[in-house]
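Engineer: One structure, as structure tokens, below. Some questions next.
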Amino acid sequence: MPDRSRFPIDDKPGPVTAANPSRVATLVHRLALDRMSWVDVVLLLIRIGFISAVVIGSTRTFMEGRFSAAQWGTLIAAGVAQGSIYSLIALGYTLVYGILRLINFAHGDVFMFGAFCTVFLAIWTSQQGILERAPAITVLSWILFAALISMSIAVLVERLAYKPLRNKPRLVMLISAIGASFFLQYTARGFFSTAFRSYPTVPGLDGRLELGQIAVPHVQITVFAVALALMAGLYILVEKTRIGRAMRAVSENMETARLMGVNIERVIMFTFGIGGALAGAAGVINGLYKPQGVSFIMGFFPGVKAFTAAVLGGIGSVPGALIGGLLLGIFEALGPNLVLTGLGIPGSNQLKDVIAFLMLVLILIFRPQGIMGEAIKEEKA
Amino acid sequence: MMARVWDRLARLGQGWGGLGLWWLLLAVLALYPYIGVTHLTLFLGSQVFVLVILASNWNLIGGMTGYVDFGHAVFFGIGAYVMGILVTKSPLLISPEWGFLQALPVSGAAAAVFALLIGLPTLRLKGPYFSIAMLGTFVAMREIVRVLRPLTGGGVGLNLPPVLNRLGDYYLMLVLMGLVVSVMWWIRRSEFGQSLIAIREDEIGAEMRGINTTLHKILAFMIAAFFTGVVGGFWAWQNTFIDPDVVFIETRTVEMVMMSMLGGLGTVWGPPLGAVVIYVLQTVVWGRLFGIHLLALGILMVLLVLFLPEGILGMSGRGGSTSLGRLLGRIRKRAEP
């Protein structure tokens, strides 16, 4: 620690000596620049670089007037729909993190398993004509089925891959999680082969709703509404029920909760189950939104993106997951068109995924506590 | 008795005897092509050496320093693409055969520079967050390579000139493997390596003792990235075709983790041993199971973490945290009066 008295805050200018440093030195000290290491300088440069890229890119896009207001509106609507799917998956990460401080790496594959198993039910109902007769109830049954499947998978993974490691370092659990993720992927591949499958089109979802100038497809509204309903259900569960209170108690302080008679193992299992069920439901509404591309590898990207959303919102926080997911969806929809085209980068829409992953890395480095969460701490990580 | 032999071996491995045995093994392997082998066995040999190098390098950052890197294959990919671009697009290279040897250190250096750039921000992250950030870097790099079409050929990939020199490949990788493992042996004994282990055990404590943790982490990361990049360049050359999906593949990182863990995290001889074991398993056992071997990889990984977290070389029972290790420890205690 430098001697404070050597840096008088309001001093008259005098001769510059070791005992009486110049105003510049005082300023440097007050801005904490003298305690800056070269790593901090590099980080500052990265920060400045990214902020200026975003600002320059978006101003240039607006100056050129490439897109109309209605087009921006359409993009945002698509972003909200996609983002609400991310939110649902992100809730699984955030709930488990809140209780175990564990990143459940296999969560993306829990999502995949639900979506993949349900695609067969969906195709069957479509072939039998059940879907045509009662679309709403059929889709609801898909969601229930997928939630059930994913819930069982999540609980199984917890029992087999995480529970035996409860007192080991978190990194050991993370490696186990990667193993579980691989196991799920290749089990799905073994059961259902490598072929890509698609969800059938649901009647009544192909229209558009005209909101002023913006035409919003029905499917986007449905996706958003279902996600919102599920999240409201989760909110009630966490805030109003007995088991929800137990969950909150365990995430606050596991030891105290145990002493108070909360059955920790039951709460953990329940948490994994709820997270899994939400992921399964997300799998179905993802199938409504993007029917194609259901395969054994489909879980990876949504999984990592939902994790990004959870970190963005503040991992461990339930409203954070909701906000983070929506924001990530909107950034992903707007980012390429707003920033990258302005910077003159070709193929900007293909770089959508890069934006998400760059955001993940940048948030982890610069704002690990996210928008409204606790800071990621070493002893918790 | 067994346990005592095991301890004696472990002590030997850390001393000069371990290095001597290693060079002896290298000498035997160097003579191997002269006892009548086919192109195929030479090819397989160089593949095993590649795995040993990859595992040892991952172990430097993941095992010794304790930063579990889930995106280490990004350095492999960068090495492969630098090699591909230099060999196919650069007019500086005289002949393909020489061009390869010129480009090889460059691909390693490119990976090391990237490690410096990405390590500065990401090595500040702790535990799982470093792992996730590196995974994100890995996937982002794959997409960037896919989009940079004029340079990397995009999704179509690059075709390198096919030059078949199995004997040369074998010796090149043999020398590189000998070098890498010797470097690891030296690091493990040196003050540098001790500092890395101190960082793994207690980073704040290490900082308090006056270790420049940032510098040590970055250096370890860059060394690990350099050799991984060189191997990536070699792989591109040997495979003669690269595209984003064959180069940037998650299984490669997972294999590195597995091999290090199976052998013993943080040990010098564990990762090479793990690499050989996994390779034998893959070719002999899983080769007959078609697509299921990746499933088996996942199961093996979970089983490893559950029952053998200290690896084969960590089994001696000194740690005593695994059931198998405890058992061995008990046997040892009974053997010693």
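Engineer: Inspect all residues belonging to region B:83-102 and state whether any of them is in contact with a Ser or Thr (Cβ under 6 Å, 6 or more places away or on another chain), assigned to a helix (DSSP H, G or I), open to solvent by less than 30 Å² (accessible area, probe 1.4 Å) and at pLDDT below 90.
Structural biologist: Yes, some residue in region B:83-102 is in contact with a Ser or Thr (Cβ under 6 Å, 6 or more places away or on another chain), assigned to a helix (DSSP H, G or I), open to solvent by less than 30 Å² (accessible area, probe 1.4 Å) and at pLDDT below 90.
Engineer: Of all residues in region A:251-277 being of a type outside the set (Gly, Ala, Ser) and surrounded by 24 or more Cβ atoms within 10 Å (Cβ to Cβ), which is nearest to A:PHE224 (Cα to Cα)?
Structural biologist: Out of the qualifying residues, it is A:ILE274.
Engineer: Follow-up. Pick out the one residue from A:LEU326, A:LEU334, A:LEU358, A:LEU362 that is modelled with pLDDT of 75 or more, in contact with a helix residue (DSSP H, G or I) (Cβ under 8 Å, 6 or more places away or on another chain), in a helix (DSSP H, G or I) and buried (at least 22 other Cβ atoms within 10 Å of the Cβ).
Structural biologist: Exactly one residue qualifies, and that residue is A:LEU326.
Engineer: Name the residues in region A:152-169 that are among the hydrophobic types (A, V, I, L, M, F, W, C), buried (at least 17 other Cβ atoms within 10 Å of the Cβ) and modelled with pLDDT of 85 or more, would you?
Structural biologist: A:ILE153, A:ALA154, A:VAL155, A:VAL157, listed by residue number.
Engineer: Can you pull out the residues in region B:48-70 that are over 21 Å from B:VAL106 (Cα atoms) and not aliphatic (A, V, I, L, M)?
Structural biologist: B:ASN59, B:GLY62, B:GLY63, B:THR65, B:GLY66, B:TYR67, B:ASP69, B:PHE70 - these are the residues of region B:48-70 that are over 21 Å from B:VAL106 (Cα atoms) and not aliphatic (A, V, I, L, M).
Engineer: Out of A:SER198, A:SER126, which single residue is farther than 30 Å from B:ASP202 by Cβ, open to solvent by less than 70 Å² (accessible area, probe 1.4 Å), touching a Gly at 6+ places or on another chain (Cβ under 8 Å) and hydroxyl-bearing (Ser, Thr, Tyr)?
Structural biologist: A:SER198
Engineer: Condition first: in contact with a helix residue (DSSP H, G or I) (Cβ under 7 Å, 6 or more places away or on another chain), surrounded by fewer than 18 Cβ atoms within 10 Å (Cβ to Cβ) and at pLDDT below 85. Now tell me which residues in region B:167-184 satisfy that.
Structural biologist: B:LEU167
Engineer: Also, I was wondering about something else. Residue by residue through region B:172-203, note down the ones that are free of Cβ contacts under 8 Å to residues at least 24 places away in the same chain and of a type in the set (Ser, Thr, Tyr).
Structural biologist: B:SER190, B:SER195
Engineer: Something else about it: A:GLN220 fails exactly one of the following numbered conditions: (1) within 14 Å of chain B (Cβ to nearest Cβ); (2) part of a helix (DSSP H, G or I). What is the number of that condition?
Structural biologist: Single failed check for A:GLN220: (1).
Engineer: Can B:PHE75 be described as open to solvent by less than 10 Å² (accessible area, probe 1.4 Å) and in a helix (DSSP H, G or I)?
Structural biologist: Taking the combined requirement at face value, the residue satisfies it.
Engineer: Return the total of residues in region B:51-63 being away from chain A (no Cβ under 14 Å) and either open to solvent by less than 10 Å² (accessible area, probe 1.4 Å) or small (Gly, Ala, Ser) (or both).
Structural biologist: Of the residues in region B:51-63, 7 are away from chain A (no Cβ under 14 Å) and either open to solvent by less than 10 Å² (accessible area, probe 1.4 Å) or small (Gly, Ala, Ser) (or both).
Engineer: Of all residues in region B:136-148, how many are within 7 Å of another protein chain (Cβ to nearest Cβ) and within 12 Å of A:LEU360 (Cβ to Cβ)?
Structural biologist: Selection size over region B:136-148: 4.
Engineer: So which residues in region B:185-207 are touching an Asp or Glu at 6+ places or on another chain (Cβ under 9 Å) and surrounded by fewer than 20 Cβ atoms within 10 Å (Cβ to Cβ), if there are any at all?
Structural biologist: If the condition is that a residue be touching an Asp or Glu at 6+ places or on another chain (Cβ under 9 Å) and surrounded by fewer than 20 Cβ atoms within 10 Å (Cβ to Cβ), then B:GLU203, B:ILE204 are the ones that fit.
Engineer: Taking into account only those residues within region A:278-305 that are assigned to a loop (DSSP other than H, G, I, E, B) and open to solvent by 10 Å² or more (accessible area, probe 1.4 Å), which is farthest from A:ILE330 (Cα to Cα)?
Structural biologist: A:PHE296
Engineer: Which of the residues belonging to region B:108-122 are open to solvent by less than 20 Å² (accessible area, probe 1.4 Å) and more than 9 Å from chain A (Cβ to nearest Cβ)?
Structural biologist: B:GLY108, B:ALA111, B:ALA112, B:ALA115, B:GLY119
Engineer: Here are some residues: A:SER141, A:SER87. Which one is in a helix (DSSP H, G or I) and either more than 15 Å from A:ALA282 (Cβ to Cβ) or among the basic types (Lys, Arg) (or both)?
Structural biologist: The unique qualifying residue is A:SER141.
Engineer: Quick one: A:MET298 ticks every box in (1) under 12 Å from the mean Cα position of the chain (by Cα); (2) more than 10 Å from chain B (Cβ to nearest Cβ); (3) of a type in the set (A, V, I, L, M, F, W, C) bar one, so which box is it?
Structural biologist: For A:MET298, the failing item is (1).
Engineer: Right, here's the next one. Would you point out the residue of region A:129-138, among those that are part of a helix (DSSP H, G or I) and of a type in the set (A, V, I, L, M), that is least open to solvent (accessible area, probe 1.4 Å)?
Structural biologist: Checking each candidate, the answer is A:LEU131.
Engineer: Regarding region A:68-82, can at least one residue be identified that is under 18 Å from A:LEU230 (Cβ atoms), part of a helix (DSSP H, G or I) and of a type outside the set (A, V, I, L, M, F, W, C)?
Structural biologist: yes
Engineer: Is it the case, given these coordinates, that A:LEU184 is more than 7 Å from every other protein chain (Cβ to nearest Cβ) and part of a helix (DSSP H, G or I)?
Structural biologist: So A:LEU184 passes the test.
Engineer: Look through region B:149-163, keep the residues that are open to solvent by 30 Å² or more (accessible area, probe 1.4 Å) and either touching a helix residue (DSSP H, G or I) at 6+ places or on another chain (Cβ under 7 Å) or in contact (Cβ under 8 Å) with a residue 60 or more places away in the chain (or both), and return whichever of them is nearest to the other protein chains (Cβ to nearest Cβ).
Structural biologist: Looking at the filtered set, the residue picked out is B:GLY155.
Engineer: Turning to a different aspect of this structure: Only residues in region A:172-189 that are over 17 Å from B:GLU255 (Cβ atoms) and modelled with pLDDT of 80 or more count as the first member; pair them with residues that are assigned to a helix (DSSP H, G or I) and open to solvent by less than 10 Å² (accessible area, probe 1.4 Å), Cβ under 6 angstrom, at least 6 apart or cross-chain, and list the lot.
Structural biologist: That search, which allows pairs on different chains as well, returns A:LEU184/A:ASP109; A:ALA188/A:PHE116.
Engineer: Moving on. (1) open to solvent by 20 Å² or more (accessible area, probe 1.4 Å); (2) at negative phi; (3) modelled with pLDDT under 85: which one isn't true of A:THR241, the others all being true?
Structural biologist: (3)
The values are calculated or read from the model by the stated rules, or taken from the named source; none is laboratory data. Nothing here was measured: the structure is a model prediction, and the numbers come from that model. Note: ideal-geometry Cβ built from the backbone for every residue, glycine included; neighbour counts use all protein chains shown. Side chains are part of the model used for accessible areas, which takes the heavy atoms of the whole protein and leaves out ligands, DNA and RNA. Shrake-Rupley method; radii C 1.70, N 1.55, O 1.52, S 1.80 Å.
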